[in-house]
Amino acid sequence: MGDLNVIAIVLVIILVAMTIALSIFSRRFTRTTADFYLAGRKVGSFANASAISGDYLSAASFLGVAAAVYASGLDGVWYAAGFAGGFMVVVFFIASPLRRFGEYTVPDFAFGRFGTNRMRLFAVVGVLATSLFYMAPQMYGAGTTWKVLVGTGIGGVDNAYNTGVVVVGVIIMIYVAVGGMKGTTMNQIVQFWWLAFAMMLTLIAVTFMGFNNTATGDLMRFNYSDYLAQESSSYMMGPAKLTVEELGDPEVYANVEVAMLEASSKMADPDTFYEAEMDKIDEAIAAGAAEDKVNVVVFQKNKLHELKNEILGTNDAMFFNQPGHRYNSFDQFSMVLALVLGTAGLPHILNRYYTNPSGSAARRSTFWVLVFIGVFYVVSPMVGLAGRLMVRGAIDSGVAPATADYVGGLLVSSDALMPTIARIAGGELLMGIVSAGAFAAMFSTLAGLLIASASAVGHDVYEKYINPDASEKQKVFVGKSAVVFFAFLAMLIGYLIPATGLNTAYPALIAMMVTWAFAVGAGAFVPMLLTGIWWKGTTERGAIAGMIVGGGGTVIFIFVNMFEALKLFDVATANPVIEWIASMTFPTLYTFPAALIAIFIVSKLDGQLPKNVDEIWMRIHGNAHERWEKEHGLDKAAGIFTGEQKQ
Amino acid sequence: MTTPPSSEATITSTYIKHGDHVDTIESVDMVFKAQRKLSFTYGAIFFAVTLALPLLGVTSEWWWKTEIMGGFTWDYLIVSLLYYIFLWTMAWTYSKRADKLDDTLADLADKVTHDVAATAHDEG
């Protein structure tokens, strides 16, 4: 079991036991589909805000944001700002009208607003596409964290990564199927506060306890502006994988040597470190076949501004506190748009707005969400920056956790940063708390995604088309079966990520993949929701055109980019259109306006408004129901565990 | 435990009635226009500020390159810290204004309902 961390595993087991206990407890209160999918629609603002935050803060936020900052500097910080900013679109344009309309799910809204089964089915496809894109990074996070935490497989699965995927998949399947939305809500509240506590504790550990660098004799304590100045004072370096064949080129090998020399200059004993690292590279070259990959360190290049590298005499230069490591000028805007628009297109988040007791409560919930996640997103980039210096210090001191791989003083996989820095700054106990926090982040988000996917199939397809006369018992059974099916699908996706080599194609893969899910949601749903709510002239055909252009277009862009990164085709010889598509990391800057334009043009040409459009309009924007609820005191939260219990 | 009253809505093509509370297409249009003005004003400010940040990062060297405090550039300082204060302020003020607008519009809608009922009674 190597570097097995007993405390960490015990804490994760406690979290899992608590999760299942809450699910079993809440089962007593889940007897109708409204309970199973919407927690009875009476969740208070603070509780709902905690649950939304738990739902929202996924592996991407807990592991991915700090990792992205560690790998990409300022471009990584944008993930945090964009994830937070997304809720503004929800609160300004979506939350209250969606609650007023009073349906169960986004496909219900699509059906209610546009009046056709075809529209509902398009929305179901959109929900499933977005959810599956979002499940992928959660499962990758599960495998990665398990690998760092346990480092070995169990129960007949010999691969540590795959074990993590299976364990998380099975646990989440059980607790969502048993607890439904009430159990999931309660769990998400607990999980949110655990992961927020873990992130704050990590910051406290790196700031006040610090790390004793025995190589230099310094007590390293995180200071934001000083650390940022230190890390930005020299060229930014990053890990890369080159084949043995590539390293056989003397020019490439010489560049690797120069880069390693620069990376070594930041260590306590540069000469010794340089010799040891180059020896490792030479050994790997001598032992490897031509196509085997070797970890090296390289100078990073700014994709936004041309910066001169005085050592190489080229423009391969980048500094930590400047933009441009990941994104060129197009992607700078496109990524921001994908993040701020995508939140409003995430079905598992929108589902949560139906659980509010009133429109006003929906807005209050969103404000609290912004406070909770805002604090979290201010802290995550600090931890990412602290990691740049402290991981290096730990390598210098010879105490860096053996469960992670390093090259040139850097983590090979930045997604392993959170558990690694927790171990460095806070020992086994903090690593345990952080690892449990990582699992909490995955559980809470996966649970929301499973509920959203299950409701798309169980509620929107089975109840409406397959068996409209189904009893409550049958409906809940189908919902639970759908949860089991999608949990297995999530496990399969988790397995496929390293099997296809996607994990080595992108740095900070978790945050990247989540942003893809945001881009799909931003393309598929947000134009339809915005125009459906705010433009009476939107027709069913217009909305479908928007979903095809926005959602379908985004999926095509992402897959072409992914295939290019996996080198499945040669961009240089490909069709210029494919080359152009492949160059875009996030297509939202094109797909979102294109979807809006498609909705506008097709709606104008079509002109077939639903016959009851005035009635629909009154349901979305009218307030008679809310006035009536207020008169009878029904605009107040009733607590999650109220209502009829099972006998 | 008492069972809460259920809203037996009466829905027609010209009005929706919940108990004594009525939405007509005219009253809803009034609510819609007021809400649209508020939402789109806040939305415009939000997007203007949010998209201005990468724009400055692309175009203005003083923004992305000049260090103003330790290692902080304006770009890093705003994106990593101050942007959240902007978000909280926007969300809080919007929430308060939207609540106030809801109350105002609810009173107006009730008044419209009352006036219509009174007129019908007088005519009867």
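Derivation of every value follows stated rules applied to the coordinates shown; laboratory data play no part. Model, not experiment: these values are computed from the prediction. Note that we place each Cβ from the backbone using ideal geometry, even for glycine, and neighbour counts take in every protein chain shown.
Suppose R0 equals 56 Å. What FRET efficiency, 1/(1 + (r/R0)^6) with r the Cβ-Cβ distance, do residue A:500 and residue A:428 give to the nearest 0.05? Each step should come with its number before you reach the end.
Numbers: r = 34 Å, r/R0 = 0.61.
Rounded to the nearest 0.05, the efficiency is 0.95.
If you count, for every residue in A:381-387, the Cβ atoms of partner chains within 10 Å of its Cβ, what is the mean?
Details: counts 4, 2, 0, 0, 3, 0, 0.
Partner Cβ neighbours, averaged per residue: 1.
Work out how much length residue A:604 to residue A:559 would gain on full extension: take 0.36 nm times their residue separation and subtract the Cα-Cα distance, in nm to one decimal.
On the way: separation 45, 0.36 × 45 = 16.20 nm, distance 3.17 nm.
Additional length available on full extension: 13.0 nm.
From the residues A:290, B:19, A:582, which one has its Cα farthest along the dipole of the protein assembly as shown in the positive direction, the dipole being from +1 and -1 charges on Cβ of Lys/Arg and Asp/Glu about the Cα centre?
B:19
Where does each of A:65-74, A:16-25 land if you order them by average Cβ count within 10 Å, highest first?
A:65-74, A:16-25
Tell me, in nm to one decimal, what length is gained between residue B:20 and residue B:66 on full extension, where the rule is 0.36 nm per residue of separation less the Cα-Cα distance? Intermediate values should be presented prior to the final figure.
Values: separation 46, 0.36 × 46 = 16.56 nm, distance 6.31 nm.
Contour length minus the Cα-Cα distance gives 10.2 nm.
Give me the three principal axis extents of segment A:399-484 from the C-alpha atoms, as integers in angstrom, largest value leading.
63, 25, 13
Would you report the distance distribution of C-alpha pairs in segment A:208-282 as whole percents per 10 angstrom bin, up to the bin with the largest distance?
16, 38, 30, 14, 2
If you take the beta carbon distance between residue B:103 and residue A:46 as r and set R0 to 22 Å, what does 1/(1 + (r/R0)^6) give as a FRET efficiency, to the nearest 0.05? Walk me through the numbers before you get to the answer.
Working: r = 22 Å, r/R0 = 0.99.
The value I calculate is 0.50.
For a quick check: with amide H placed at 1.01 Å from N, whose amide H comes under 5 Å from residue A:218's, ignoring anything fewer than 5 positions away on the same chain?
Correct list: A:213.
Extending each Cα 7 Å along its Cβ direction at residue A:7 and residue A:207, get the distance between those two points in nm, one decimal.
Taking the two extended label points, one gets 2.1 nm.
Using Cα atoms only, what is the angle between the long axis of helix A:329-342 and the major principal axis of chain A, expressed in degrees (0 to 90) to the nearest 10?
Its long axis makes an angle of about 40 degrees.
Count the net charge of all other residues whose Cβ sits under 11 Å from the Cβ of residue A:292, scoring Lys and Arg as +1 and Asp and Glu as -1.
Once positives and negatives cancel, what remains is -1.
Segment A:332-409 to segment A:568-632: how many Å between their Cα centroids?
Comparing the Cα centres of segment A:332-409 and segment A:568-632, I get a distance of 26 Å.
How far is helix A:45-56 tilted off the main Cα axis of chain A, in degrees rounded to 10, range 0 to 90?
Once rounded, one gets 50 degrees.
For segment A:173-267, run through the GluC sites (Glu not before Pro) and keep only the ones in DSSP coil with at most 10 other Cβ atoms within 10 Å of their Cβ.
Details: sites: A:231, A:245, A:246, A:251, A:257, A:262; in loops: none.
Within segment A:173-267, no GluC sites (Glu not before Pro) qualify (loop, at most 10 other Cβ atoms within 10 Å).
Add -39500 (n - 2.57) for each DSSP H run of 4 or more in the protein assembly as shown, then divide by its residues: what number comes out at 222 nm, to the nearest 500 deg cm²/dmol? Write out the running numbers ahead of the final one.
On the way: 30 runs with 502 residues, N = 771.
Computed ellipticity for the protein assembly as shown at 222 nm equals -22000 deg cm²/dmol.
What list of ³J(HN,Hα) couplings, whole Hz, do you get for segment A:443-450 from phi and the Karplus terms 6.51, -1.76, 1.60, once you set θ to phi - 60° and write x for glycine and proline?
Ordered by residue, 3J(HN,Hα) equals 4, 5, 6, 4, 4, x, 5, 5 Hz.
By how many nm would the segment from residue A:467 to residue A:170 grow when fully extended, if each residue of separation counts as 0.36 nm and the alpha-carbon distance is taken off?
Working: separation 297, 0.36 × 297 = 106.92 nm, distance 2.83 nm.
Using 0.36 nm per residue and subtracting the Cα-Cα distance, I get 104.1 nm.
Compute the distance in nm between two label points, each set 7 Å from the Cα along the Cα-to-Cβ direction, one at residue A:632 and one at residue A:312.
Placing both labels 7 Å along Cα→Cβ, they lie 6.9 nm apart.
If you take the beta carbon distance between residue A:289 and residue A:265 as r and set R0 to 30 Å, what does 1/(1 + (r/R0)^6) give as a FRET efficiency, to the nearest 0.05?
Efficiency computed from Cβ-Cβ geometry: 0.40.
Using all Cα-Cα distances in segment A:180-244, what percent lands in each 5 angstrom bin from 0 up to the longest?
P(r) for segment A:180-244, in whole percents per bin: 4, 12, 11, 14, 15, 11, 10, 10, 8, 4, 1.
For the Cα atoms of chain A, what angle does the longest principal axis make with the long axis of helix A:270-287, in degrees from 0 to 90, nearest 10?
Helix A:270-287 sits at roughly 80 degrees to that axis.
For segment A:557-633, what is the convex hull volume of its Cα atoms per residue in Å³?
In segment A:557-633, the Cα hull volume divided by residue count equals 171 Å³.
Which semi-axes, in whole Å and largest first, does the equivalent ellipsoid of the protein assembly as shown have when worked out from the alpha carbon gyration tensor as the square roots of 5 times its eigenvalues?
Ellipsoid semi-axes (Å, largest first): 47, 28, 24.
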